[in-house]
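Working notes, structure below.
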């Protein structure tokens, strides 16, 4: 199995049998990843994951910058782009198969949404928040990668279940807040003031821990010899986690400026 030329990923394990996933050298007995039967295709390498993720994130950034610079015309695409992103995300979650086209379309849609959100937040709370949120997101990504690489926090079945439960809980809470917001301005009141700051910090922590699951997924796919095309599936997961992380950091920075 080839190793990566990227020093951040170079030491990911490259051995292990299909359907016998190991976490830190111990069998977990729990497989949170989609199954893929062995094929004659070239097996996935960490370089595949790095390249596909870079392409996807580049698409997000390019679409976001173009949206932020284009004015009201492009900002009007934010809602359709959000619906496209949600649709693709649901499709990918319920049908876990790799797709480069869907991953890049999802990335472009998310970039448009992030560009529009950033423009609106900076108009309301002041300029510079978008850049600060990008730096914060990158810092969390690097920090969680270091945490994963050093084994400071190991991805175990219990941790995986806790993170998944946290994501589901956050989604339900945000959906409830949105629905209540149609009838009561401000929704449940959980996204403003000091309560909003506390909720924002909690969501950032959950989003950061989803990155650990994505790193572990890449590790397991390389170890199990998945076909190279599965790198797109990991890229999709990383983009989704980083988009959520960026939005929460941006919101938190805006709340701090209000206080």
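The values are calculated or read from the model by the stated rules, or taken from the named source; none is laboratory data. All values reported here derive from a predicted model rather than from experimental measurement. Heads up, the Cβs are rebuilt from the backbone with ideal geometry, glycines too, and the neighbour counts pull from every protein chain shown.
Structural remarks
- In region 93-110, the residues that are touching a helix residue (DSSP H, G or I) at 6+ places or on another chain (Cβ under 9 Å), surrounded by fewer than 18 Cβ atoms within 10 Å (Cβ to Cβ) and outside any helix (DSSP H, G or I): 96, 97, 99
- Conditions (1) out of contact with any helix residue (DSSP H, G or I) (no Cβ under 8 Å at 6 or more places or on another chain); (2) surrounded by fewer than 19 Cβ atoms within 10 Å (Cβ to Cβ); (3) at pLDDT 85 or above: number failed by residue 194: (3)
- Of all positions in region 35-46, at least one carries a residue that is in a helix (DSSP H, G or I) and either under 21 Å from the mean Cα position of the chain (by Cα) or at pLDDT 65 or above (or both).
- Qualifying residue in region 176-193 (condition: in contact (Cβ under 8 Å) with a residue 24 or more places away in the chain and either closer than 30 Å to residue 100 by Cβ or in a helix (DSSP H, G or I) (or both)): yes
- Test for residue 90: is it surrounded by fewer than 17 Cβ atoms within 10 Å (Cβ to Cβ), farther than 14 Å from residue 231 by Cβ and at pLDDT 65 or above: yes
- Sole residue being more than 14 Å from residue 136 (Cα to Cα) and at pLDDT below 95, chosen from 251, 257: 257
- Reported count of residues in region 197-241, each being touching a residue at least 40 places away in the same chain (Cβ under 8 Å) and over 23 Å from residue 110 (Cβ atoms), is 10.
- Some residue of region 211-221 being more than 21 Å from residue 149 (Cβ to Cβ) and either crowded, with 23+ Cβ neighbours inside 10 Å or touching a helix residue (DSSP H, G or I) at 6+ places or on another chain (Cβ under 7 Å) (or both): no
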